[in-house]
Amino acid sequence: MTDQPNRLIHEVSLYLKQHAHNPVDWYPWGEEALERARREDKPILVSIGYSACHWCHVMERESFEDPKVAAFMNAHFVNIKVDREERPDVDRVYMDTCLVMNGQGGWPLNCFLTPDGRPFFAGTYFPPEPRYGRPSWLMVVQSIAKSFQTQRDDLEESAARLVANLERHDQRAEGDLPGPEIFAEAFARFDQRFDHQQGGFGAAPKFPNVTNLEATLRCGLRAGRGDEAVEMLTLALDAMARGGVYDHLGGGFHRYSTDARWLVPHFEKMLYDNTLLPRLYLEVHQRTGEPRFAEVAREVFRYLQREMFAPEGGFYATQDADSEGEEGRFFVWSRGELGEVLGEERARRFARVYDVSAEGNWEGHNILHLERPINAVAQEEGLDPEALKQALTEDRAALFQAREARIKPGRDEKRITAWNGLAIQAFARGAAVLGEPVLADVASRCAGFIWERMWDGVGLKRIFAVGDDGANVIKIDGFIDDYAFVAHGLLDLHKACGDAAWLERAKALVDVVLGRFYDADSGELYQTPVGHDELPVRRTSFRDEAVPSAAGELCLTLLRLGAVTGEPRYGEVAEAIMRRAQGDLRKAPFAVPSLLNALDVATRGVGTIVVVGPEDDPRAAALLTRARAVAGPEDNVVHVVPGEVSPLIAPGLLMGRLGADAPTAYPCRGVVCDLPVTEPGELPDWTRITG
């Protein structure tokens, strides 16, 4: 570390500022750095990470703070630091390079480019000395600098091959949409990859894979294997909620588990995980009626409101894994600390339930997790199960208050438009499913922040941050996920509260997407808008990663928007995108679960429940509450007030429906309608229909 800061000191990104005192002469991504590389004919190092990334911090301490390493990097490269959360376009191109070269990726990501920006070598973490079968970072940069000087033609050829490979990788052959058999085939593949002992997919490390779990459930229902699918989802969700990957005191999920049984997490908390997981728990609650899934969603919502919602609006991005220089320090406990807070008798009982011992269950410390069912412990202790649950609730509250006195992990307080779109979805769905208007209020506040601060009348911005001087910084034109996730969230919010303004705004965002990101001739949906030519290739956005694919989210939004507005072009574009992805849907459903979910909606038809009745009529309110509770996640609920009809509502949804004597609900799926009903209990429960 040096007292003299580099250029990153002027950035608002927490990740970039964390590197502002490195002796490396870092540039932020931009024309200044790229032009220097061209002018001086120097290779470029693009080093990519994010603020909550544990191994990013490790590599910084080991290598980027080393004066000898920094001096060599400064002499031989133009060095660029990128926050992947700010610039997913840069991350995507160079992460795909790493995957093509190595078969695996991750962060920190380090990619070397020719002076004109074409990649020729990529890797992830490198240690300060050779180990783990990897060369040291200094050896890597020395080798690449030498190759650039002595084997320049070979590197240029390698760059050309890599760019051509990346372009081929994104080429998809359009074909017919898969038929209904695709759901049974996809479910069989999900079932094969599912861990039927511990829940989730694969072995360690184990990620939530929310959209794959969603697709498992929906494909199972469509394939006539709904009971099996619900059993799989129940196993996975219970395992995550019991495991150390869940914060049992404060709520919220850590990023992923380093082991197969969900015990030892990487302790960072990401906004996207904590918005995607509640929507999954809510859907399984709808399918099963089990209140424990709803309670997990509520706990996560409380965590987000308490820890992650900014006073000026919007949700912060991440919480770090480290505090006091140790990963997980804030979250783990010793047996002695338990006794100090709870007293010995309460601590003994709590330790039995949450697997706390003097030896610890992780590096001498204890990660709280539900080792044994509470009812079993109650029986052994001779206690009433409900009395034990209440006692444990009080114990957790006491431990939470004690934990609040600790030094908290760092928090990245930038607001990312796309991730806030996921937050709008989660809270709006919570309001609809649970019938809790306060959650709709949170979603509305978040959506209002996005619309007032991040929408300039012609497009979205991606990043909101507060600078060191207290000034607001709004920067970087939005990418496809910013538009797709927010538009989907606004449709969910319209469903939850009935305000037609959110429907109008969702439509405005979708229309921008169709004009700037979608190629009608090819059916391709791109991550970046027309004219965005900083990178060697323009990537499409079909495959899910830690977040849903923008293509999948957009198709779901298009299908629902088309059903509400009656505009056929929306459904036509959704179908064109899915036809472009038909090869992935057939051969690699695990890579495109969001598009698979969209195909499910497209082939079943969008469900829409129209409730006609005055705003202040309690009978209409009761119908709306019931309609929102029984509608599936991708079904619409539209409140029509006679005399105040939004011009966006399709005439077909209104025909013959505005003159009823009493508030009435009209449930339809696609072009098939059930009988209108005036009593809430008469509405069909679409969450229990298996297709």
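The values are calculated or read from the model by the stated rules, or taken from the named source; none is laboratory data. Every value quoted in this text rests on a predicted model; they were computed, and no experiment measured them. All Cβ positions, glycine included, derive from the backbone under ideal geometry; neighbour counts span all protein chains shown.
Of these, I367, I416, which one is assigned by TED's automatic domain parsing to the domain that holds R462 and either over 30 Å from A317 (Cβ atoms) or under 31 Å from the mean Cα position of the chain (by Cα) (or both)? Steps first, please.
On the way: I367 fails: assigned by TED's automatic domain parsing to the domain that holds R462.
Of I367, I416, the one residue that is assigned by TED's automatic domain parsing to the domain that holds R462 and either over 30 Å from A317 (Cβ atoms) or under 31 Å from the mean Cα position of the chain (by Cα) (or both) is I416.
Kindly indicate the residue of segment 290-326 that is at pLDDT 95 or above and of a type in the set (G, A, S) and also farthest from K408 (Cα to Cα) among those meeting that condition.
A294
Looking only at segment 558-566, decide whether some residue is touching a residue at least 40 places away in the same chain (Cβ under 8 Å), of a type in the set (S, T, Y) and more than 17 Å from G220 (Cα to Cα). Step through it out loud before you land on a result.
Start the filter on segment 558-566 by keeping residues that are touching a residue at least 40 places away in the same chain (Cβ under 8 Å), which leaves 558-566.
Now narrow it down to the ones that are of a type in the set (S, T, Y): 565.
Subset that is more than 17 Å from G220 (Cα to Cα): 565.
Yes: segment 558-566 contains one or more residues that are touching a residue at least 40 places away in the same chain (Cβ under 8 Å), of a type in the set (S, T, Y) and more than 17 Å from G220 (Cα to Cα).
Residue under question is L263, and the condition is that it be under 30 Å from W686 (Cα atoms), at pLDDT 95 or above and either assigned to a loop (DSSP other than H, G, I, E, B) or out of contact with any Asp or Glu (no Cβ under 7 Å at 6 or more places or on another chain) (or both); does it hold? Even if it seems obvious, please write down each step before you answer.
On the way: under 30 Å from W686 (Cα atoms): no; at pLDDT 95 or above: yes; either assigned to a loop (DSSP other than H, G, I, E, B) or out of contact with any Asp or Glu (no Cβ under 7 Å at 6 or more places or on another chain) (or both): yes.
Here the answer is no, as L263 does not meet what is asked.
Within segment 248-273, can you find the residues that are buried (at least 23 other Cβ atoms within 10 Å of the Cβ), out of contact with any Lys or Arg (no Cβ under 6 Å at 6 or more places or on another chain) and either over 18 Å from Y50 (Cβ atoms) or not assigned by TED's automatic domain parsing to the domain that holds N212 (or both)?
Correct list: W262 only.
Scan segment 71-94 and give yes if some residue there is over 30 Å from G478 (Cβ atoms), part of a loop (DSSP other than H, G, I, E, B) and at pLDDT 95 or above, otherwise no. Please lay out each step first, then the result.
Filtering segment 71-94 down to residues over 30 Å from G478 (Cβ atoms) leaves 71-77.
When the remaining residues are screened for being part of a loop (DSSP other than H, G, I, E, B), the result is 77.
From what is left, the residues that are at pLDDT 95 or above are 77.
Yes: segment 71-94 contains one or more residues that are over 30 Å from G478 (Cβ atoms), part of a loop (DSSP other than H, G, I, E, B) and at pLDDT 95 or above.
Residues that are free of Cβ contacts under 8 Å to residues at least 24 places away in the same chain and either assigned to a helix (DSSP H, G or I) or under 17 Å from the mean Cα position of the chain (by Cα) (or both): does segment 288-296 have at least one?
Yes, segment 288-296 has at least one match.
Are any of the residues in segment 49-66 more than 30 Å from the chain's Cα centre (by Cα), assigned to a loop (DSSP other than H, G, I, E, B) and more than 29 Å from T318 (Cα to Cα)?
Taking every residue of segment 49-66 in turn, none turns out to be more than 30 Å from the chain's Cα centre (by Cα), assigned to a loop (DSSP other than H, G, I, E, B) and more than 29 Å from T318 (Cα to Cα).
Mind checking whether some residue in segment 326-340 is of a type in the set (S, T, N, Q) and under 32 Å from the mean Cα position of the chain (by Cα)? Don't jump to the end; show me each part of the working.
Just the residues of segment 326-340 that are of a type in the set (S, T, N, Q), to begin with: 334.
Still in the list and also under 32 Å from the mean Cα position of the chain (by Cα): none.
No, the conditions are met nowhere in segment 326-340.
Condition test on G244, is it buried (at least 23 other Cβ atoms within 10 Å of the Cβ) and more than 23 Å from E545 (Cβ to Cβ)? Spell out how you get there, then give the answer.
Working: buried (at least 23 other Cβ atoms within 10 Å of the Cβ): yes; more than 23 Å from E545 (Cβ to Cβ): yes.
In short, yes.
Looking at (1) within 24 Å of T211 (Cα to Cα); (2) out of contact with any Leu (no Cβ under 7 Å at 6 or more places or on another chain), which is the one condition that is false for V592?
V592 satisfies every listed condition except (2).
Does segment 23-46 contain at least one residue that is out of contact with any strand residue (DSSP E or B) (no Cβ under 9 Å at 6 or more places or on another chain), of a type outside the set (D, E) and farther than 22 Å from Q149 by Cα?
At the first step, the residues of segment 23-46 found to be out of contact with any strand residue (DSSP E or B) (no Cβ under 9 Å at 6 or more places or on another chain) are 23, 31-32, 35, 38-39, 41.
With the extra rule that they be of a type outside the set (D, E), the set shrinks to 23, 38-39.
Going one step further and asking which of them are farther than 22 Å from Q149 by Cα, we end up with 23.
Taking every residue of segment 23-46 in turn, at least one turns out to be out of contact with any strand residue (DSSP E or B) (no Cβ under 9 Å at 6 or more places or on another chain), of a type outside the set (D, E) and farther than 22 Å from Q149 by Cα.
With the requirement that a residue be under 21 Å from K408 (Cα atoms) and not in a loop (DSSP other than H, G, I, E, B), what does segment 266-287 give you?
Applying the first criterion (under 21 Å from K408 (Cα atoms)) to segment 266-287 yields 266-274.
Selection gives H266, K269, M270, D273, N274.
Would you please name the residue that is surrounded by the fewest Cβ atoms within 10 Å (Cβ to Cβ), looking only at residues in segment 297-316 that are at negative phi and of a type in the set (G, A, S)? Full working, then the answer.
Taking segment 297-316 first, the residues at negative phi are 297-312, 315-316.
So of that shortlist, the ones also of a type in the set (G, A, S) come out as 297, 310.
Numbers: A297: 25, A310: 15.
Per the stated criteria, the residue is A310.
Among the residues of segment 378-394 satisfying the criterion of being under 13 Å from F350 (Cα atoms) and at pLDDT below 90, which is surrounded by the fewest Cβ atoms within 10 Å (Cβ to Cβ)?
Taking segment 378-394 as the starting set, the residues that turn out to be under 13 Å from F350 (Cα atoms) are 378, 381, 388-394.
Among the residues that remain, those that are also at pLDDT below 90 are: 378, 381.
On the way: A378: 20, E381: 15.
Checked segment 378-394; the qualifying residue surrounded by the fewest Cβ atoms within 10 Å (Cβ to Cβ) is E381.
Looking at segment 53-98 only, could you name the residues that are more than 20 Å from E327 (Cβ to Cβ), of a type in the set (S, T, N, Q) and surrounded by 21 or more Cβ atoms within 10 Å (Cβ to Cβ)?
Selection gives N79, T97.
Looking at (1) of a type in the set (A, V, I, L, M); (2) within 28 Å of F183 (Cβ to Cβ); (3) surrounded by fewer than 24 Cβ atoms within 10 Å (Cβ to Cβ); (4) touching a Leu at 6+ places or on another chain (Cβ under 7 Å), which one does V537 not meet, given that it meets all the others?
(2)
Here are some residues: L138, L113. Which one is touching a strand residue (DSSP E or B) at 6+ places or on another chain (Cβ under 7 Å), in contact (Cβ under 8 Å) with a residue 12 or more places away in the chain and among the aliphatic types (A, V, I, L, M)? Write out each step before concluding.
Numbers: L138 fails: touching a strand residue (DSSP E or B) at 6+ places or on another chain (Cβ under 7 Å).
Exactly one of L138, L113 is touching a strand residue (DSSP E or B) at 6+ places or on another chain (Cβ under 7 Å), in contact (Cβ under 8 Å) with a residue 12 or more places away in the chain and among the aliphatic types (A, V, I, L, M), namely L113.
What is the number of the single condition among (1) under 24 Å from K408 (Cα atoms); (2) not assigned by TED's automatic domain parsing to the domain that holds F449; (3) not polar (S, T, N, Q) that E344 does not meet?
Going through (1) under 24 Å from K408 (Cα atoms); (2) not assigned by TED's automatic domain parsing to the domain that holds F449; (3) not polar (S, T, N, Q) one by one, E344 breaks only (1).
Hey, which of the helices (runs of 4 or more DSSP H) in segment 568-663, taking only ones fully inside, have at least 1 residues that are touching a Cys at 6+ places or on another chain (Cβ under 8 Å)?
Details: elements: 568-580, 582-587, 593-604, 618-630.
It comes to 568-580, 593-604.
So, A621, is that one at pLDDT 95 or above, in contact with a Lys or Arg (Cβ under 7 Å, 6 or more places away or on another chain) and of a type in the set (G, A, S) or not?
No.
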